[in-house]
Amino acid sequence: MKALVLEKVSLLSLRQIELDERLGPRDVRIKIHTVGICGSDVEYYRHGRIGPFVVEQPMVVGHEASGTVIELGSQVKHLAVGDRVCMEPGVPDPHSMAARLGMYNLDPSVRFWATPPIHGCLRETVVHPEEFTFKLPNNVSFAEGAMIEPLAIGMHAATKAALAPGDLAVVLGAGTIGAVTTLAALAGGCSRVIVTDVKQSKLDLLAKLGPITPVNVGKERVADVVADMTGGWGADVVFECSGSPAAIAAVFEPLRPGGRVVLVGMPGGPSPLDIVAAQVKEACISTIFRYAHVFDRALALIGSGKIDVKPLITDKFAFEDSIRAFEWALDMPDSSVKAEIEMPV
Ligand code: ZN
């Protein structure tokens, strides 16, 4: 089948590739409709690696996808041919200790699309387990369906934050992950989210999506803004979504005593965390790695209208233009958030 293949660092080709596409009894075959371009896909294109994961052989990219079920394994129970679906891209070993403990995202043997050496989904069809394939509500488009994967990260972060109704949250970073974390935090009960970035156009876009206060940290300090808003007390929760070492170093500044911090963004290397600043506030610190158990909830929130991801989908490309799309994504304009690739019908 035809696929967008990362041959090696900085070299993509749109070509035929032979893949093992045997359908197991509990698998479905899906014709891909829409695939989002993720920062991680672009990172593999640019550097050939992310942390310990290195591209050593040609790999199909893409992991944020929606499509239509075209074939069922013999034991599939909950899906039918013709169902519009989105897919959770990480499939764990169900017998692993992590999976048995409910933390299947942390299974060391998880097979995650477009994480070397596992092929991704920017191709004509995929075979995927039924239990990691989710039916789209009728009012949810393929474009929105392909946004469930990034939204799942925000959902997992909001879950880890154990939000209470009325919480005031700070989200550091207004890229895709900051944006979906903001939407998930509002859906999870936050009264207001203060979002920071240095890129004004990203802040302007987000500020329209709810009770969201944008703070351009090139011009003012977020801790000052939060102090002003709370009489010096601080925010209940801080989500670090920028991965910036400077933001991480100052992550406890806007936090209230006894508040929670969730580390979402992945810095490029070791990053300083101010332990004493955490201790004097008895901050509760959580981390997340991808997500678990949130795809159905993310779909329910989009289906019910509590979350609208459509404004975040800023750019579209045709499959035939995939290479150009990735070149564009290497130097994406500040006004863009999420680009999606649509397969030919
Ligand atoms: Zn992604």
Please sort by residue number the trypsin sites (Lys or Arg not before Pro) in the range 163-224 whose DSSP state is loop and whose Cβ has at most 15 other Cβ atoms within 10 Å.
-> Lys208, Lys219, Arg221
A correct Stokes-Einstein calculation for the range 1-115, using the alpha-carbon Kirkwood radius, 25 °C and 0.890 mPa s, returns a whole-number D in µm² s⁻¹ of 156 µm²/s
Mind checking which lysines have their C-alpha under 23 Å from Lys160, skipping anything on the same chain fewer than 8 residues away?
-> Lys281, Lys306
Mean residue ellipticity at 222 nm from the helices of the chain, using -39,500 (n - 2.57) per DSSP H segment of n ≥ 4 over the full residue count, to the nearest 500 deg cm²/dmol?
-> -6500 deg cm²/dmol
State the extension gain, in nm to one decimal, for the chain segment bounded by His47 and Ala318, taking 0.36 nm per residue of separation less the distance between their alpha-carbons.
-> 95.1 nm
Scan of the chain for GluC sites (Glu not before Pro) in DSSP loops with at most 10 other beta-carbon atoms within 10 Å gives a longest site-free stretch of 19-281
For the range 153-287, what is the convex hull volume of the alpha-carbon atoms per residue, in Å³?
-> 92 Å³
For the chain, alpha-carbon Rg relative to the globular expectation (2.2 N^0.38 Å, N residues) | 0.99
Contour minus end-to-end for Glu56 and Lys310, with contour as 0.36 nm per residue of separation and end-to-end as the Cα-Cα distance?
-> 87.9 nm
Do any of Lys199/Lys316; Lys2/Lys77; Lys77/Lys135 go past 18 Å between their Cα atoms, and which?
-> Lys199/Lys316; Lys2/Lys77
Which value in nm describes the separation of the simple spin-label points at His293 and Met97, placed 7 Å from the Cα toward the beta carbon?
-> 2.0 nm
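Here, each number is a calculation from the coordinates, and none is a lab measurement. Computed from a prediction, not measured in an experiment: that's the story for all the values here. Positions of Cβ are backbone-derived with ideal geometry, glycine not excepted, and every protein chain shown enters the neighbour counts.
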